[in-house]
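As structure tokens, the structure follows; a few thoughts come after it.
The values are calculated or read from the model by the stated rules, or taken from the named source; none is laboratory data. These numbers were taken from a predicted model, which means no experiment stands behind them. Positions of Cβ are generated from backbone atoms using ideal geometry, with glycine treated the same way; all protein chains shown enter the neighbour counts.
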């Protein structure tokens, strides 16, 4: 048995199939997916159906594009001009797929293997225990009922309706309600650069070489604390799979932008790469 983590699929079904064949993936193996299963690529519907059909063999965390799909499906938002999941949104099983997807977590951890998986990153100011707890707060709402009972309670439709936004920019223990859930979600699914206090910067999506002064990649933040776990993440294709931190493993290698799809074997540390076939 082997465990493989794969970077952002974003609807790249052909490359996904080829990569699984390359690693000789079998029913005895386990697959970890770092989020952004859908959007920008050509085959979001096929990718989502395939992963859902894998059942417990696939471990998934949510990415920002997955949440965008859910916000359109259940939260009343409209697609953006560059979105490519019309086929998914109009499929007869769209809601079934959406209900499965909204029940996936923001963080997945395996203590035996010593790995932790998120989509964008793990804030340096949070302990691993805290991060797990905050991720669970969002999961409880998103995987729960459409409308929660009781004053000041949020259902998943409320959460998806009010999800978008860059405020608040950083963490505060006193945050409550949707502001609290939004900043937790943004850290897990949209984070790249932060300032010295850990506040999020959303404007820079390029390489580290041309980042604005005074900003740090989340894995180099001055407040960064040592962690026992190795962190698997995607989201930042401009890193091209490279970080300065040995315990932070970048897996988004820009398949949807014409580069390729990467798999990482958790037991051996070996990487496998499949070149892109379709470019968005």
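What the table below lists for this structure:
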| item | result |
| --- | --- |
| Residue count, segment 95-132 (criterion: more than 30 Å from residue 173 (Cβ to Cβ) and in contact with a helix residue (DSSP H, G or I) (Cβ under 6 Å, 6 or more places away or on another chain)) | 3 |
| Test: residue in segment 39-46 that is more than 14 Å from the chain's Cα centre (by Cα) and farther than 18 Å from residue 258 by Cβ | yes |
| Qualifying residues in segment 81-93 (those that are under 22 Å from residue 162 (Cβ atoms) and modelled with pLDDT of 95 or more) - the one surrounded by the fewest Cβ atoms within 10 Å (Cβ to Cβ) | 89 |
| Condition met for residue 76 (under 19 Å from residue 163 (Cα atoms) and surrounded by fewer than 20 Cβ atoms within 10 Å (Cβ to Cβ)) | yes |
| Residue under evaluation residue 78, criteria (1) in a loop (DSSP other than H, G, I, E, B); (2) at pLDDT 95 or above; (3) touching a strand residue (DSSP E or B) at 6+ places or on another chain (Cβ under 8 Å), criterion not met | (3) |
| Criterion violated by residue 95 - all others in (1) part of a helix (DSSP H, G or I); (2) under 25 Å from residue 191 (Cβ atoms); (3) over 17 Å from the mean Cα position of the chain (by Cα) satisfied | (2) |
| Failed criterion for residue 59 (all others in (1) in contact with a helix residue (DSSP H, G or I) (Cβ under 8 Å, 6 or more places away or on another chain); (2) at pLDDT 95 or above hold) | (1) |
| Exclusive hit being outside any helix (DSSP H, G or I), closer than 27 Å to residue 253 by Cα and touching a strand residue (DSSP E or B) at 6+ places or on another chain (Cβ under 9 Å), set 170, 121, 165 | 121 |
| Test: residue in segment 213-222 that is closer than 27 Å to residue 110 by Cα and surrounded by fewer than 17 Cβ atoms within 10 Å (Cβ to Cβ) | yes |
| Residue 129, sole failed condition from (1) in contact (Cβ under 8 Å) with a residue 12 or more places away in the chain; (2) assigned to a helix (DSSP H, G or I) | (1) |
| Top-ranked residue of segment 37-62 - restricted to ones that are assigned to a loop (DSSP other than H, G, I, E, B) and touching a strand residue (DSSP E or B) at 6+ places or on another chain (Cβ under 9 Å), ranked as farthest from residue 2 (Cα to Cα) | 37 |
| Top-ranked residue in segment 173-221 [being touching a residue at least 60 places away in the same chain (Cβ under 8 Å) and assigned to a loop (DSSP other than H, G, I, E, B); ranked as nearest to residue 142 (Cα to Cα)] | 191 |
